[in-house]
Amino acid sequence: MRDFPPRRIVCLTDETVETLYLLGEQDRIVGVSGYAVRPPQVRREKPRVWAFISADLPKILALDPDLVLAFSDLQADIVADLVRAGVAVHVFNQRDVVGILAMIRTLGAMVGAAERAGQLAQGLEQRLAAIAATPRPAPRPKVYFEEWDDPLISGIGWVSELIEIAGGEDALPHLRVHKAAKDRIITPDAVHEAMPDVILASWCGKKVVPDRIHKREGWSDIPAVRDDRIVEIKSPIILQPGPAALTDGLDAIVRALWAARA
């Protein structure tokens, strides 16, 4: 980086944007992803110059960033081009709750706000613990989380953990260790065999259509389908590995699992 803390940051994903705003460091952000929606004012305050896996390199370079923040192997090509152009880049790769909290602390340290970041992470940890300790009626509902519909892809690690924190049981827990979506592709028979009580769906930004799930061949006797417990959770609050998932995303899971029993 040219300066410490960096004065001009470009965020290629939403979770670092939200974290910087929560830390009060939003003035350092000079550009964001087209998918950045948290907090709401980011839409009017920051230039939106690229999508998640495609970027306009000249536009990014024109922003003269001290630091670009990226996420995962999915942005590897963008990152490689930026590195070759001489830009400082940090790539996060958090795939579980512990990793999300570590991202918050690391990002805070990178912008000279380590103490505030520690307080933010600690507050989130306490919130998760309190929700996990909330008494729930037995039995725990078995939950299938669908991240994509064609092919069927089950939920990533942090989603599986949040289901358990909310008081549910992941219907396909063995898949949570797989970071890549291709390794979480499943067959309709696997879901049928698991017999989930609740189906949560978030189709990576595409609107979930519960009727399509109802009409899947052989699924009519799955408890979640039979009892019409199919709930969409919006992608920005559950598929972004940052504060949103640990707050609004977790709250949405809790409502989906327990509101009907209240």
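The values are calculated or read from the model by the stated rules, or taken from the named source; none is laboratory data. Source: prediction; values computed, not measured. Using ideal geometry, Cβ is built from the backbone for each residue, glycine included, and neighbour counts are taken over all protein chains shown. What goes into the accessible areas is simple: the full protein's heavy atoms, side chains included, and nothing from ligands, DNA or RNA. Shrake-Rupley method; radii C 1.70, N 1.55, O 1.52, S 1.80 Å.
Would any residue of region 235-249 have its amide N under 18 Å from a label point 7 Å out along Cα→Cβ of Trp148? List them or say none. Answer for this model: 235-236, 238-241.
Annotation: amide H-H contacts under 5 Å for Ala171 (H modelled 1.01 Å from N, sequence separation of 5 or more, or interchain): Val143, Tyr144, Phe145.
Amide H to amide H, with H built 1.01 Å from N, Leu152 comes under 5 Å of Ile186, counting only residues 5 or more places away or on other chains.
Can you flag which of Lys59/Lys207; Lys142/Lys182; Lys179/Lys207 are past 26 Å Cα-Cα? Long pairs (Cα-Cα over 26 Å): Lys59/Lys207.
For the peptides 149-160, 219-230, the ranking by mean Cβ contacts within 10 Å, running from highest to lowest, is 149-160, 219-230.
For region 28-44, backbone phi angles converted through the Karplus equation (6.51, -1.76, 1.60; θ = phi - 60°) give residue-by-residue couplings of 6, 7, 10, x, 9, 5, x, 8, 6, 10, 10, x, x, 5, 4, 4, 9 Hz, Gly and Pro being listed as x. Note on the chain: antiparallel DSSP beta bridges, both residues inside, total approximately 20 percent of the bridges counted.
For Trp50, the residues whose modelled amide H falls within less than 5 Å of its own, excluding neighbours fewer than 5 places apart on the same chain, are Gly34.
Working note: Karplus 6.51/-1.76/1.60 with θ = phi - 60° gives region 227-241 the couplings 9, 6, 10, 10, 10, 7, 10, 4, 3, x, 9, 9, 9, 9, x Hz, where Gly and Pro are set to x. The ellipsoid equivalent to the alpha-carbon distribution of region 194-262 has semi-axes of 23, 15, 8 angstrom, derived from the gyration tensor eigenvalues as √(5λ) and listed largest first.
This model, with +1 at the C-beta of Lys and Arg and -1 at the C-beta of Asp and Glu, gives the chain a dipole about its Cα centre of some 520 debye. The residues of the chain expose on average 46 square angstrom of accessible surface per residue, using a 1.4 Å probe on protein heavy atoms. Orientation-averaged projection of region 39-194 equals 11.8 nm² [convex hull of Cα atoms, one quarter of hull surface area].
Of the residues Ile78, Ser154, Pro39, the one whose Cα sits farthest towards the positive end of the charge dipole of region 13-164 is Pro39 (charges of +1 on Lys and Arg Cβ, -1 on Asp and Glu Cβ, taken about the Cα centre).
Just the protein heavy atoms count here, and of the accessible area of region 1-143 at 1.4 Å, carbon and sulfur take up 54 percent.
Taking a straight line from the alpha carbon of Lys46, these aspartates and glutamates sit under 19 Å away, with near neighbours fewer than eight places off in the same chain left out: Asp14, Glu15, Glu18, Glu25, Asp27, Asp56, Asp64, Asp66. The order of the peptides 194-202, 136-144, 174-182 by mean Cβ neighbours within 10 Å, most packed first, is 194-202, 136-144, 174-182.
Taking θ as phi - 60° and the Karplus parameters 6.51, -1.76 and 1.60, the scalar couplings of region 195-203 work out to 6, x, 7, 9, 10, 9, 9, 8, 8 Hz in sequence order, x denoting glycine and proline.
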